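Below is one structure, written out as structure tokens; the observations come after it.
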Amino acid sequence: MRLQYPTNIKIIQLPCSGRVDILHILKSFEDGADGVYVAGCMEGDCHFLTGNLKARRKVNYVKTVLAALGVEPERVEMFNMSSAEGPRFAQVAREFTAKIKELGPSPVKQAKAA
Amino acid sequence: MIVGDSKPLEEILEMIQGKEKVLVLGCRGCVTVCNVGGEKEVGILATLLRIARKKAGLAPSIEERTLERQCDPEYIEELAEVAEGYDAIISIACGVGPQFMSERFPKVPVYPGINTTFIGGALEHGVWGERCQSCGNCLVHNFGGLCPIARCSKSLMNGPCGGSANKKCEISPDVDCIWHLIVEKMDAMGRLKELERVWPVKNWITSRDGGPRKRVREDLKQ
Ligand code: SF4
Ligand code: SF4
């Protein structure tokens, strides 16, 4: 399958979405990322039982703290997809990129450039 | 352990407004165990504060450090050379931390980054419950090992009160009536009769009512 997805996305591979760390996500924003999303397996299908559920809770936490800082919480999301769903991966990548484009550059980066 | 909660970010941001060089200071004691003030949380808070500063177009000079403990002068001393170089220090140890820090470094404004809430333990990962109010005269063995001071909303020594219903305390359906549990436990242990003992009013002198407490161990003092 040769599927197109936006080239601006930098993929960081983890053994399980449950391994994603609040600090990793925040560091991305500190370093100027416009958006971050976590792609985990379908709920109920986690090889380690609850990794993807924990990832979602961490993403929700990051949403709250970003909001407290006045950064749009929509800049971080959690998506569930199965590893057999290549087209869905590409679709999510396109949709999330479109949404972030709509939001514009991260206010963190903008201030840095100023 | 001593359990705490992070303060709202807005409150912390207000504390350090106009303070350029800031240190977020963690502690490897209780607050590390209850995931609120250890190295990890120092990293998270410092990163958030840097994001806020960058967003405001300010220099993000927020540094991170975690001491072995903030309730022992020997560890606080590790900051002797550097403390006065900061415009603000946010201590995310229990309430002892900011106090020991400001006693040792009177010129540096020290702010509490967490709210110290209670003495308790982990009920499950991410959930903690209150267990002790440091009354200074432990009596839990008389109540099946369950503390009526810390865990009864009215700190009743002769309970339950009339509000106990369906095992729950009258203040909220989410709070167990500890007196219900005490009776159940003593019954299961075949010790129900012991609860017939009427306890006189507790002497609160050993608790906070006797004023701030201090403990001197002559055998250890140097
Ligand atoms: S009786 Fe006093 S010392 Fe013992 S657990 Fe209760 S509050 Fe703490
Ligand atoms: S209902 Fe139980 S726990 Fe609540 S105040 Fe009464 S005796 Fe104490």
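The values are calculated or read from the model by the stated rules, or taken from the named source; none is laboratory data. Nothing here was measured: the structure is a model prediction, and the numbers come from that model. When we count neighbours, we look across all protein chains shown, and the Cβ atoms used for this are built from the backbone with ideal geometry, even at glycine. Ligands, DNA and RNA are excluded from the accessible area calculation, which covers all protein heavy atoms including side chains. Shrake-Rupley method; radii C 1.70, N 1.55, O 1.52, S 1.80 Å.
Per-structure values
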quantity: Equivalent ellipsoid, the stretch A:17-103 (semi-axes from 5 times Cα gyration tensor eigenvalues, Å); calculated: 22, 17, 9
quantity: Between helix B:39-55 and chain B: long-axis angle, C-alpha atoms, 0 to 90°, nearest 10; calculated: 50 degrees
quantity: Per-residue mean of C-beta atoms belonging to partner chains within 10 Å, peptide A:102-108; calculated: 2
quantity: Estimated inter-spin distance, A:Ala84 and B:Glu11, nm [label 7 Å along Cα→Cβ]; calculated: 5.0 nm
quantity: 10 Å Cβ neighbours from other chains, averaged over peptide A:60-69; calculated: 3
quantity: R0 of 41 Å, Cβ-Cβ distance B:Val82-A:Arg94: FRET efficiency to nearest 0.05; calculated: 0.25
quantity: Taking chain B and dividing mean pair separation by its residue count, relative contact order in percent (alpha carbons under 8 Å, at least six apart); calculated: 17 percent
quantity: 17 Å Cα-Cα reach of A:Lys109 towards aspartates and glutamates, excluding residues that sit fewer than 8 places from it in its own chain; calculated: A:Glu30, A:Asp31, A:Asp34, A:Glu72, A:Glu74
quantity: Residue order for A:Ile9, B:Ile92 - accessible surface, 1.4 angstrom probe, largest first; calculated: A:Ile9, B:Ile92
quantity: In Å, descending, principal axis extents of the Cα set of the stretch B:136-197; calculated: 28, 28, 16
quantity: The protein assembly as shown, helix-only ellipticity at 222 nm - DSSP H runs n ≥ 4, -39,500 (n - 2.57), divided by all residues, nearest 500; calculated: -9500 deg cm²/dmol
quantity: Accessible area (Å², 1.4 Å probe, nearest 10) - A:Val76; calculated: 0 Å²
quantity: Accessible area of B:Thr206 in the full protein assembly, 1.4 Å probe (Å², nearest 10); calculated: 50 Å²
quantity: Gaussian network model of chain B, Cα within-10 Å springs - most flexible of B:Asn203, B:Asn142, B:Asn115; calculated: B:Asn203
quantity: Proximal charge balance of A:Glu72 [Cβ under 14 Å; K/R count +1, D/E count -1]; calculated: +2
quantity: Virtual spin-label span in nm between B:Glu20 and B:Lys202, 7 Å along Cα→Cβ; calculated: 5.2 nm
quantity: Percent breakdown of C-alpha pair distances by 5 Å bin, ordered from the shortest bin, for the stretch B:2-118; calculated: 2, 13, 26, 26, 19, 10, 3, 0
quantity: Percent of C-alpha pairs per 10 Å bin, the protein assembly as shown, short to long; calculated: 5, 19, 23, 21, 18, 10, 4, 1, 0
quantity: Counting DSSP beta bridges with both ends in chain B, the antiparallel % (nearest 5); calculated: 50 percent
quantity: Spatially near lysine pairs across the stretch B:153-193, Cα under 18 Å, sequence gap of 8 or more or different chains; calculated: 5
quantity: Residue mean of other protein chain beta carbons inside 10 Å, B:109-119; calculated: 0
quantity: Overall form of chain B per C-alpha gyration tensor (a/c, 1.5; a/b vs b/c); calculated: prolate
quantity: Accessible heavy-atom area order of A:Arg2, A:Arg75, highest first, probe of 1.4 Å; calculated: A:Arg2, A:Arg75
quantity: Two-site FRET efficiency, A:Asn8 against B:Ser153, from Cβ-Cβ distance with R₀ of 35 Å, rounded to 0.05; calculated: 0.05
quantity: Solvent-accessible area of B:Ser91 with every protein chain in place, 1.4 Å probe, in Å² to the nearest 10; calculated: 0 Å²
quantity: Accessible surface, 1.4 Å probe, highest first, among residues A:Leu14, B:Leu58; calculated: B:Leu58, A:Leu14
